[in-house]
Amino acid sequence: MLRDISAAIIRHTALSRRHLTPELVLRLITPECPLWRAKEDESPFRDPFWAFYWPGGQATARYILDNQDLVKDRNVLDIGCGCGAGSIAAAKMKAKYVLANDIDHYALAATHLNANLNGVLIDTSSKNLIGTKCEEFNVILIGDMFYDDDFSHTLFEWLIKLHEAGKTILIGDPGRHGLTEKRRRHVQMLAEYKMPRESQEENNGFTKTKVWKLNKLI
Amino acid sequence: MSRVLVGVKRVIDYAVKIRVKPDKSGVVTDGVKHSMNPFDEIAVEEAVRMKEKKLASEVIAVSCGPSQAQETLRTALAMGADRAIHVEVAGAEYDTLQPIHVAKILAKLSQDEKADLVIVGKQAIDDDSNQTAQMTAALLDWPQGTFASKIEKTDGALTITREIDGGLEVIKTKIPAVLSADLRLNEPRYATLPNIMKAKKKPLKKVSAKDLGVDLAPRIKVVSVEDPPVRQAGSIIPDVDTLVAKLKEGGHV
């Protein structure tokens, strides 16, 4: 089955470096791919979130590649890994262990393909880890997951607990509605990047993407 | 930074051949392809460009209609609107929904949402009323810039180029204001798959006209809807002399 999934991913995607982390080559649905302009019902994949490099994911990966100390010799968990770029960046920056997590099997297959393209090996898990203690991890990556109201609530409550347990929480987000003003009071901006043109075209209305670190509650 | 409210209407697609109902009460809508009113697409595009240029902080799309209006709102969200409000109007009330009602709804929502700018299409391609922007401005007592083909923001004011008979007119208005988009304002973007996917998760709130305190009793009665007269066939004339003779005969020269 993994083989079929991988074959389908290869068939419908193209190799891309046109993003904030050009040192990583990633299989994505790009403007050259027919699916880019497809309607939802024409896509062979249901919600192919992994096929696009979300601005929040780009920001966290960029930040990791520029700030090796954050992940070096530490255990990194990439929640909602999508195409796997955050995990790949952490592995490249010599994290001790990296686990890419996504409940979508297609995302994990894409992560394996992309890890392979970039010469790293990544463990993956399809378990829903949200709400768990994640005891073995020091750094948690959240690349662009504040796109849904209800989910944002669950996610943020959990992240606060992980933060209280001493973990570093990195959030990449271009300013989606789930990262509300109230929640923003608990995060500190580490970096801001201008989104590449292609990424802006995938995210109508957004031009910048940011990395935030969860801080102590006020 | 301002908040922009954009009105979007679900209409019969521009490419569909319109058929009048046999009882002349309206046109056939069942089983017919619908899409966003093209002038409203231009309005959405302009609002999203304002957001991208940091001239606007948030874009809210509003549509009045049955549940299918949500499809139109999703398109607006895919084009880049941040959130949507569906004002549910269905059945008989929808059949008699008129610009005055939509204007009252937009005016109320503009106040509730603290909007600084309302942008709508200059008219909908189904009823061609061309009234909503004007009425909304009147109800809010805000300045209006209708048939806009260019909108520029200059220190708290707007410079609007309007398409008028025989040329262009440039006006300046203060904000808040109501604008209507003409054809040449911009070329709306296509909603691509990555944007459609992300739009599914954007907030969409449903309210009723009653929630907003708007009375939907019709103010206009449609007496009859009829097909335009069938055009008479033309004829080919062999030479100029015959043409001149024919024109004289018809009393045209």
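The values are calculated or read from the model by the stated rules, or taken from the named source; none is laboratory data. This is a predicted model, so every value here is computed, not measured. Methodologically, a virtual Cβ is constructed for each residue, glycine included, from the backbone with ideal geometry; neighbour enumeration extends over all protein chains shown. Just the protein is used for accessible areas: all its heavy atoms, side chains included, with ligands, DNA and RNA removed. Shrake-Rupley method; radii C 1.70, N 1.55, O 1.52, S 1.80 Å.
Points worth noting:
- Solvent-accessible area per residue for chain A (1.4 angstrom probe, square angstrom): 46
- Surface composition of the protein assembly as shown: carbon plus sulfur atoms hold 50% of the accessible area, using a 1.4 angstrom probe and ignoring ligands, DNA and RNA.
- For peptides B:232-240, B:96-104, sequence by mean Cβ density within 10 Å, most packed first: B:96-104, B:232-240
- Reach of A:K194 by Cα under 18 Å, taken over lysines that are not fewer than 8 positions away in the same chain: A:K208, A:K210, B:K51, B:K53, B:K54
- On a per residue basis, the range B:2-220 carries 45 Å² of accessible surface, using protein heavy atoms and a 1.4 Å probe.
- Listed peptides B:182-193, B:57-68 appear in the order B:57-68, B:182-193 once ranked by packing, highest mean of other Cβ atoms within 10 Å at the front.
- The contact between chain A and chain B removes approximately 2200 Å² from the accessible area (both sides summed; 1.4 Å probe; ligands, DNA and RNA excluded).
- Average beta-carbon neighbours from other chains, 10 Å sphere, peptide A:202-210: 6
- Reachable aspartates and glutamates, given that their alpha-carbon falls under 16 Å from the alpha-carbon of B:K174 and they are not under 8 places away in the same chain: B:D116, B:D141, B:E152, B:D155
- The peptide list A:94-105, A:200-211, put in order of mean Cβ contacts within 10 Å with the highest first, becomes A:200-211, A:94-105.
- For B:187-194, mean number of other protein chain Cβ atoms within 10 Å: 6
- C-alpha long axis of helix B:38-52 to longest principal axis of chain B, angle in °: 40
- Within a Gaussian network of chain A (alpha carbon springs, distance under 10 Å), most fluctuating of A:T180, A:T168, A:T60: A:T180
- For the range B:15-77 and the range A:50-89, distance of Cα centres in Å: 38
- Cα-based reach from B:K21 at 13 Å (exclusive), listing aspartates and glutamates while leaving out same-chain residues under 8 positions away: B:D30, B:E226, B:D227
- Across peptide B:198-205, the average count of Cβ atoms from other chains found within 10 Å of a residue's Cβ is 5.
- Angle of helix A:2-12 to the longest C-alpha principal axis of chain A, folded into 0 to 90 degrees and rounded to 10: 70°.
- The relative contact order of chain B comes to 23 percent, based on Cα pairs under 8 Å that sit 6 or more residues apart.
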